[in-house]
Amino acid sequence: MKKQKIVTVISMIMALALVFVSCTSGGETNTDPVAPSVTGEATQAPVTEADMPEAPQEIKIGFLKGPTGMGAAYLLDKNEAGTTKAKYTVSLESSPDIFRASLINGDIDIAALPVNVCAVINQKTAGKVKLLAVNTLGTLYIMSNDDSIKTVADLKGKTVLSAGQGTTTEYVLGHILSKNGLTVGTDVTVEYASEHAEVITKASTGNYGVILLPEPFVTQMKLAGKGFNTVLDLTKEWKALGGGELTMGAVAVRTDFADKNPGAVAQFLADYKESVDFAVNNVNEAAELIEKHGIVAKAAVAKQALPNCNLTFMVGNEMQSNASAYLKVLFDAAPASVGGALPAADFYYGADASADAK
C-alpha cells in the first residue's frame with residue numbers, strides 16, 4: 001500500500017508538470033495558488049441583444065492545453081451541445097507558436113497567447129492583432145531552506161537559482177529586486193539553469209539555498225523533502241509595488257475580424273466570461289469537463305490544479321491599465337520582448353483609446 005501511494009504521488013507530480021509545460025511556452029508562467037478571480041468590464045458602448053448574432057455565426061478559436069485553457073471548458077461543452085448563440089470551431093494546441101501563425105494568416109479569429117506575444121504580433125503586423133481579454137495572472141515563487149528570508153530585502157547577499165533566462169521570469173524578478181533597492185550582480189546573484197527540473201535537481205544536492213520556481217514545481221520541491229518552503233510570492237510582491245496585476249496570459253483577436261464582426265466578438269466575450277465564472281465557482285464539475293475536452297488528461301489532476309491557476313477575466317480599461325504597465329516593465333528590460341515598441345492604445349480592445357494607460 002505504501003509503495004502504491006508513492007507511485008500515485010509521483011504520477012500526479014508528473015502529470016501536473018506536463019500541464020505546466022504545456023502552458024509556459026515562450027517563457028510564460030501561468031499558474032498561481034492565489035484564489036482565482038473574475039474581474040473587469042469593457043468600457044466600449046454597451047452591447048445589447050440586438051448586437052448579438054441572431055443566427056449562429058462561426059468563430060474560429062484556439063486555446064492552449066493546460067491551465068490557460070481550463071477556463072474555456074464550459075464554453076466548449078455548451079458549443080458541443082449546440083446551446084451557444086455563436087458556433088465555435090475549436091483548436092487545442094500545446095504551444096502558442098501555432099496560434100501566432102494562425103492569427104496572422106486568418107486560420108483562426110481568436111486565440112490564447114501570452115500577453116507579450118500578443119504585443120509582438122501586433123507590432124510586427126502593424127496592428128493586425130488586438131488584446132481582447134486577460135485570462136490568467138502570473139506566478140513565480142522564491143523558495144528557501146533559510147527561514148530568515150521573509151522579505152525581498154532579505155535576499156541581499158544571496159544567490160538565487162532560477163530557470164528562464166531571457167524570458168519574462170528574468171524581467172519580473174529583476175524589476176521586483178530593483179524596486180526594493182537591490183541590484184542584480186551587486187546585491188543579489190542570479191544563476192540560471194536550463195529548465196525548472198534542473199533547478200530542483202541542483203537545489204536537492206545542497207548547493208543552493210534560494211531558488212525561484214513556478215507551480216507545480218514548487219509542490220514538487222516541497223515533496224522532495226529537502227527543507228525548502230515558499231518564502232516570497234512574486235505575484236504579491238509585484239502588486240505591492242503599485243504596478244497593478246502581473247498579467248501574463250490573454251486571448252487575442254484579429255483586428256479585421258473584430259472590426260467586421262463586433263457582435264460576434266461581444267458574444268464570445270459573454271460566453272467566455274460565463275465559462276471562466278463556471279470554472280472558478282464549480283471546480284469539481286469543471287475538472288470533469290476539462291478532461292472531457294482534452295484540455296488536461298485527467299480530471300483528478302485538473303481538480304488539484306484548477307484552484308491554483310489564477311484564472312481571471314479582465315477586459316476594457318482595467319485590462320489596458322494592468323497589461324500596459326506589465327508590458328512597460330518588459331520593454332524597459334528588453335524591448336524585443338514586446339516587439340521593439342510599446343503598443344498603441346488601440347491595441348487594447350474595448351478600452352477608452354483617449355485614456356492614458358497607467
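The values are calculated or read from the model by the stated rules, or taken from the named source; none is laboratory data. Source: prediction; values computed, not measured. With ideal geometry, Cβ positions are generated from the backbone for all residues, glycine too; neighbour counts draw on all protein chains shown. Quick note on the areas: whole protein, heavy atoms, side chains included, nothing else; ligands and nucleic acids left out. Shrake-Rupley method; radii C 1.70, N 1.55, O 1.52, S 1.80 Å.
Observations
- Selected residue (criterion: nearest to Leu234 (Cα to Cα)) from residues of segment 121-158 that are β-branched (Val, Ile, Thr) and in a helix (DSSP H, G or I): Val152
- Residue satisfying all of: in segment 209-221; part of a helix (DSSP H, G or I) and under 23 Å from Thr189 (Cα atoms); farthest from the chain's Cα centre (by Cα) among these: Met221
- Test: residue in segment 219-230 that is aliphatic (A, V, I, L, M), open to solvent by less than 60 Å² (accessible area, probe 1.4 Å) and closer than 30 Å to Lys328 by Cβ: no
- Members of segment 159-188 that are open to solvent by 60 Å² or more (accessible area, probe 1.4 Å), assigned to a loop (DSSP other than H, G, I, E, B) and in contact with a strand residue (DSSP E or B) (Cβ under 9 Å, 6 or more places away or on another chain): Gln165
- Pairs, first of a type outside the set (Asp, Glu) in segment 146-157, second surrounded by fewer than 16 Cβ atoms within 10 Å (Cβ to Cβ), C-beta under 9 Å, six or more apart: Val152/Gly181; Ala153/Gly181; Lys156/Gly181; Gly157/Thr189
- Residue match in segment 312-321 (condition: touching a residue at least 12 places away in the same chain (Cβ under 8 Å), out of contact with any Lys or Arg (no Cβ under 8 Å at 6 or more places or on another chain), assigned to a loop (DSSP other than H, G, I, E, B) and within 21 Å of Met248 (Cβ to Cβ)): yes
- Filtered by the rule that a residue be under 30 Å from Leu103 (Cβ atoms) and assigned to a helix (DSSP H, G or I), segment 240-265 gives Thr255, Asp256, Phe257, Ala258, Asp259, Lys260, Pro262, Gly263, Ala264, Val265.
- Boolean, Ser148 is open to solvent by 30 Å² or more (accessible area, probe 1.4 Å) and at pLDDT 90 or above: yes
- Qualifying residue in segment 171-188 (condition: of a type in the set (Val, Ile, Thr), modelled with pLDDT under 95 and touching an Asp or Glu at 6+ places or on another chain (Cβ under 6 Å)): no
- In segment 297-323, the residues that are over 17 Å from Leu64 (Cβ atoms) and either surrounded by fewer than 23 Cβ atoms within 10 Å (Cβ to Cβ) or of a type in the set (D, E, K, R) (or both): Lys298, Ala299, Ala300, Lys303, Gln304, Pro307, Gly316, Asn317, Glu318, Ser321
- Restricting Glu291, Glu274 to residues that are open to solvent by 60 Å² or more (accessible area, probe 1.4 Å), among the acidic types (Asp, Glu) and touching a residue at least 40 places away in the same chain (Cβ under 8 Å) narrows the list to Glu274.
- Segment 96-120 - residue that is outside any strand (DSSP E or B) and under 13 Å from the mean Cα position of the chain (by Cα) and, of those, modelled with the highest pLDDT: Cys118
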